[in-house]
1. Note down the relative contact order for the range 124-246 as a percent, whole number, built from C-alpha pairs under 8 angstrom at least six residues apart.
2. Bin width 10 Å, origin at 0, all Cα-Cα pairs of the range 63-167: what percent of pairs per bin?
3. Name the long-range amide H neighbours of TRP55: under 5 Å, sequence gap of 5 or more, or other chain; modelled H, no Pro or chain starts.
4. Roughly how large, in nm² to one decimal, is the mean projection of the convex hull of the alpha-carbon atoms in the chain?
5. For a test of the definition: using alpha carbon positions, the gyration tensor, and the 1.5 limit on a/c, classify the range 1-77 as rounded, prolate or oblate.
6. Considering only DSSP beta bridges where both residues belong to the chain, give the percentage that are antiparallel (nearest 5).
7. Which whole-number percent is the relative contact order of the chain (Cα, under 8 Å, 6+ apart)?
8. Whose amide H sits under 5 Å from the amide H of ALA122, counting only residues 5 or more places off or on another chain, with H placed in the peptide plane?
Amino acid sequence: MHQPLTIGRPRWFDSLPSTNGWLRDRILAGNPVQSGTLIAARTQTAGRGRGERSWISGEGDIACSLFLVSRRPTSEWPSLSMACSLAVAEALGEFGLAGAVKWPNDVLVNEKKICGILAEIASVAGKLSGIILGIGLNVNMTAEACAAVGKPATSMALESGAIHEPGVALDVLARYLESLVNRWEAGGFPAIRDEWKSRAHRLGREIRVEGPDACREGIFHDVGRSGELILARNGVLTTILLGEVE
Ligand code: BTN
């Protein structure tokens, strides 16, 4: 049994191009970065989202990245971001909000996106060194800024009717991340699968999954032992590893 991971106190920056980019550049430059390092920026000038999209957040939101070194097989690493989205959804409960997880790793409140996660592999000279988990959580985003996102989006402030201090919210989130990541590290996705399913958006219902080369429709039947989405259509089950639920 190895040492459980400890997430240190977050290091806050006023402004960075991208918190994921800052960690990646340090690692690439050969600087030692400890597993459990958490950094956050009050503003990002070039925040990145999944699928080459940009990520816009304001000063009152959370843009943070966590670096992790895992002993689990790399084939299991994709489900680590699902442990993170579950941590965010559970942390939101401390603010009176009911978070749902949307496969693979978004977090919704009242069917609107409140958090996105960008997981990136960090490698030096072709050797994997760990995983960078970038988390963008809308804490105090205004209704106008949410409307400009283009897809249904919300924030903790809009859903709770109160302004929240991003530093306090991140400290709460860090506790949940530490617990969920340690459980994932000990037992992989199966260790958190039931909990993830209990918060899953549209499980058992009709969904559309936009994949890299195909768009599939069917019933969201299950998530497998590695976090893969299992879609049912006309009695046939299809396993989907990559994509986005629309
Ligand atoms: C998504 O597209 O839903 C993922 C968004 C991830 C945004 C976060 S904000 C902190 C970290 N730094 C980045 O540049 N992106 C991630």
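1. Details: 134 pairs, mean separation 16.7, N = 123.
So the answer I get is 14 percent.
2. Calculated P(r), rounded to whole percents: 15, 43, 27, 13, 2.
3. GLY47, ARG48, GLY49
4. Working: hull surface 52.7 nm².
Its Cα hull, projected and averaged over all orientations, spans 13.2 nm².
5. Details: a/c = 1.92, a/b = 1.58, b/c = 1.21.
It comes out prolate by the Cα gyration axes.
6. Numbers: 46 of 53 bridges.
Here the share of antiparallel DSSP bridges comes out near 85 percent.
7. Working: 503 pairs, mean separation 42.4, N = 246.
Averaging sequence separation for qualifying contacts and normalising by length gives 17 percent for the chain.
8. Those qualifying (amide H under 5 Å, at least 5 residues apart or on another chain) are SER129, GLY130, ILE131, ILE132.
Read the figures in this text as sums done on the coordinates, not as results from a lab. All of these numbers come straight from a predicted model, not from anything done at the bench. Using ideal geometry, Cβ is built from the backbone for each residue, glycine included, and neighbour counts are taken over all protein chains shown.
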